[in-house]
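Chemist: Have a look at this one before I ask anything.
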Amino acid sequence: MTPEPEPEPEPEPEPETELELELEPQPQPEPEPEPEPDPLPGRTVVFASVSTGLEGIAAAEAAEALGGPTTSVAQPCAGRLRIELAAAAAPGLLALRCVGQVTLVVAEGTLSGRGSAEAAEADLAGLAERGRRADWAGALALRRRMLLPALPSGGGAAAAAAAAAAPPRFRVTCKRTTADDGRATSVEHGFTSVRAASALGGAIAATTGWIVSLRDHEVEVMLIVEADRWALGLKVGDSARPRAGAAEGVMLGSTALKVPLAHAMSRLAMSRLAGGPAGVVCDPFAGGGTLGLEACSFWPVFSLNGDVHEKEVARLGRSLAGAAGQASA
C-alpha cells in the first residue's frame, strides 16, 4: 500500500504590524462672540423734558426727525413728551434740539391710592416689585447704544466690553408733580420722594447687583410721578450733553439760555417765515449769544445781538469766535 502523503503545514500568518500615525495638531477655531441681545426689542417708550409752553414745537420736531407711522408723540403733562418708537430708532432722540432730559422708560403704571398710610405702603411695595421685574440689562444696553452708537475696535472693544460687564454705580432720583402741575408734597402721595427713591434703589440693587452711589454714580434711575401716574426708567442725557452745531461754541454762564429753549424759540419764529424772505433775529439781551447762534445754524437768517453788560458783550465775542472756529474746522 502506498502511504498517503503528509499534509503540507499551513503557513503561519504574518504578524500584524501596528501603524502609528502622527497627526499634526489642528488649530482650534476661536469661539465667535455671542451677539449682544437686542435691548428692549420692538418698541420702546421715552420721556423727554421740553420747555413748558413749547411742547407743540418740540413734538413737531420729534415727529419730523423720527418720522414714520411707527412713532407716536404725546404730551402727558406740561413740560414733557411721551415718545413711543422702534428701539432701533432710539439713538435719533439725542439729535433732537428742542428736547432736554431723555429717559428710557422700562415700566409705567398707576398708583393704587393717594393720601392714606396704607395706600402709600401699597404704592411703594408695588414700585419696588416693578423695579425688581424690570429689564434693566436691556435698558442699560440700549442706553449704551444711544450714547455710543459705534463701539471701538481692537483693544478698545475689549475694554468697552469689560466695562459693560461690570455692575454700574447708580442712584435713584424721584420727581413728583400733582394734577395741577404744582410741587408735590408727602401729604398728596402719602410718601416723600426720598422714601420712594430709597425703596426703589434697594429693590434694584438686590436684584441686579448694581452698586448704590449717590454722588459717584454712572447710571441714574428716574422715577417720574405725574399725579397718580408713574414711569420708571434710565436717564440717558439732558441739555448739558454735547450737541452738534455752532451753539457748542457758546460761552455758557450761570444764566445762559439753554439750547433746547433757544432752538424751540427759533423754530417757532421761523415757522411764521416759512416760504417768505429771510428774517432777522434780534436779541438785545444776548448774553452768550445762544439764541442768535442757534437760529443762524439752522435757518438762513441774520442775527443782531447785544447786551448792556460789558462782561456779557465780551462773552458774546468769545462765543462768536468759537462758533466761527467750529464752522471753519
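The values are calculated or read from the model by the stated rules, or taken from the named source; none is laboratory data. No experiment lies behind these values; they were computed from the predicted model shown. Cβ: placed from backbone, ideal geometry, glycine included. Neighbour counts: every protein chain shown. Calculation scope for accessible area: heavy atoms of the full protein, side chains included, ligands and nucleic acids excluded. Shrake-Rupley method; radii C 1.70, N 1.55, O 1.52, S 1.80 Å.
Chemist: Output ³J(HN,Hα) for segment 189-197: one whole-Hz value per residue in order, computed from phi by the Karplus curve 6.51 cos²θ - 1.76 cosθ + 1.60 with θ = phi - 60°, and x for Gly and Pro.
Modeler: 9, x, 8, 8, 5, 5, 5, 5, 5
Chemist: Starting from the Cα of Lys235, draw a straight line to each of the lysines and keep only those under 28 Å, dropping any in the same chain fewer than 8 residues away.
Modeler: Lys175, Lys258
Chemist: Right, next: Give the accessible area for Cys77 in Å² (nearest 10); use a 1.4 Å probe, count only protein heavy atoms, and leave out ligands, DNA and RNA.
Modeler: In the full protein context, Cys77 sits at about 20 Å².
Chemist: Here is a further query. Evaluate E = 1/(1 + (r/R0)^6) for Trp299 and Ala256, where r is the Cβ-Cβ distance and R0 equals 25 Å; express this FRET efficiency to the nearest 0.05.
Modeler: Values: r = 21 Å, r/R0 = 0.83.
Computed FRET efficiency for Trp299 and Ala256: 0.75.
Chemist: Could I ask something else about it? For Val281, what residues show an amide H to amide H distance below 5 Å, using hydrogens built from the backbone and excluding near sequence neighbours?
Modeler: Phe302, Ser303, Leu304
Chemist: Could you go through segment 281-295 in sequence order and give the Karplus-derived ³J(HN,Hα) for each residue, using 6.51 cos²θ - 1.76 cosθ + 1.60 with θ = phi - 60°, rounded to whole Hz, and x for Gly and Pro?
Modeler: Karplus values, whole Hz, x for Gly and Pro: 9, 10, 10, x, 10, 5, x, x, x, 4, 5, x, 5, 5, 5.
Chemist: Please work out the C-alpha center-to-center distance from segment 43-58 to segment 280-299 and express it in whole Å.
Modeler: Spelled out, the Cα-based centre of one part sits 23 Å from the other.
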